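Below is one structure, written out as structure tokens, with a few remarks after it.
The values are calculated or read from the model by the stated rules, or taken from the named source; none is laboratory data. No experiment lies behind these values; they were computed from the predicted model shown. Counting neighbours? That spans all protein chains shown, and the Cβs are built from the backbone with ideal geometry, glycine included. These accessible areas exclude ligands, DNA and RNA; they are computed on the full protein's heavy atoms, side chains included. Shrake-Rupley method; radii C 1.70, N 1.55, O 1.52, S 1.80 Å.
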Amino acid sequence: MITFSEVTKRYPDGTVAVDELSLEIPAGKITVFVGPSGCGKTTTLRMINRMVEPSSGTIRLDGENISASDPPTLRRRIGYVIQHGGLFPHRTVVDNVATVPYLLGWDRRKARRRAMELLDLVGLPASFAKRYPYQLSGGQQQRVGVARALAADPPVMLMDEPFSAVDPVVRKSLQEELVRLQAELHKTIVFVTHDIDEAVRLGDQVCVLKVGGRIGQYDTPANLLAA
Ligand code: ADP
Ligand code: ADP
């Protein structure tokens, strides 16, 4: 579980991106932050892996204050997926995914075998392994991005508008696969989107943020739609 207690982020220029945010993000579920551009979604997400430090307040991961953690160690427990997958352009698909196992000291054959399993898990045929990212469609790049984030087997996955750059049909199939993957892997997923339909489709919990970085609503999709 991830707990935010009165977390505020004020950027050096005075912009308050997140204002006294308090909420609990349950383990093993998909929690979606949704709201218009500038409401503090990305800032909220990046505070969870310490890419952005809060100005005040506390964030805990399984009870542990993350500000006391070593960022590289923390990030091994927290996968991160962004738009376009954020792939290394000069590495093949399989090497993109095997990078984390290599860094963790796995031998090359074992790391590659693990990468191939993960590519299969996200629905990419083995024939794509030797391609470079530019030889893939947007949807396929996103799949590789998800496989790469899964490579360290992190309990937590942060996803920042990962599917927004692909066309609606592909987006729908990626959303369905994420739900399927989640049912299998029980990750704690924190997902950011500006698309309310996507939020409702994916979220076990949906947090609606308002510009100024305050919570509008935080509930299950069923309750949000009934309200
Ligand atoms: P969202 O992801 O919902 O679009 P962000 O978290 O990116 O929102 O931004 C929230 C607010 O903080 C916006 O007003 C944005 O302009 C501002 N902001 C984001 N990053 C910075 C920064 N590095 N310096 C100053 N202001 C920033
Ligand atoms: P997806 O549904 O996964 O996003 P697309 O509909 O965009 O896939 O692409 C259709 C097919 O064209 C895919 O099988 C993909 O492998 C292939 N393709 C797209 N771009 C390229 C490329 N630059 N080089 C080789 N094949 C490509």
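Helix-only mean residue ellipticity at 222 nm, the chain, DSSP H runs n ≥ 4 weighted -39,500 (n - 2.57), per residue, nearest 500. What is it? Working shown, then result.
Numbers: 8 runs with 83 residues, N = 227.
Only helices count here, giving -11000 deg cm²/dmol.
Please state, rounded to one decimal and in Å, the Kirkwood hydrodynamic radius that region 1-77 gives when every pair of distinct Cα atoms enters the mean of 1/r. Could you put the intermediate results ahead of the total?
Numbers: mean 1/r = 0.0778 Å⁻¹.
In region 1-77 this quantity evaluates to 12.8 Å.
Restricting to Cα pairs below 8 Å that are 6+ residues apart, what does the relative contact order work out to for region 33-107? Please round to a whole percent. Before the final figure, lay out the partial values.
Values: 26 pairs, mean separation 11.9, N = 75.
Relative CO of region 33-107 lands at 16 percent.
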* Asked: Can you give the angle from 0 to 90° between the axis of helix 93-103 and the longest principal axis of the chain, with both taken from C-alpha atoms, to the nearest 10?
  -> 70 degrees
* Structure fact -> region 164-180 and region 67-87 have their Cα centres apart by a whole-number Å value of 22 Å
* Of Val208, Val100, Val169, the one that fluctuates the most in a GNM where the chain has Cα springs shorter than 10 Å -> Val169
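Lys and Arg at +1, Asp and Glu at -1: add these up for the other residues within a Cβ distance under 13 Å of Ala149 and post the number.
On the way: positive: Arg75, Arg76, Arg77, Arg143, Arg148, Lys187; negative: Asp153, Asp160.
Counting the neighbours of Ala149, the net charge comes to +4.
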* Asked: Quick one: helix 138-150 against the long Cα principal axis of the chain, what's the angle to the nearest 10°, folded into 0 to 90?
  -> 80 degrees
* Asked: Taking only Cα atoms, what is the 0 to 90° angle, nearest 10, from helix 168-185's long axis to the longest principal axis of the chain?
  -> 90 degrees
* To do: Please build a GNM for the chain, connecting alpha carbons under 10 Å apart, and tell me which residue among Gly216, Gly86, Gly40 fluctuates the most.
  => Gly216
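Roll a 1.4 Å probe over the protein chains and send me the accessible area per residue for the chain in Å².
It amounts to 48 Å² per residue over the chain.
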* Under 11 Å from the Arg91 label point (7 Å along Cα→beta-carbon), backbone N, region 131-156 -> 148-149
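From the P(r) of region 106-165, could you give the percentage of C-alpha pairs in the tail past 12 Å?
Details: 1217 of 1770 pairs.
Cα-Cα pairs of region 106-165 separated by over 12 Å account for 69 percent.
Run the accessible area of the chain with a 1.4 Å probe and give the carbon-and-sulfur part as a rounded percent. Intermediate values should be presented prior to the final figure.
On the way: 5570 of 10820 Å².
About 51 percent, which is the carbon plus sulfur part of the accessible surface.
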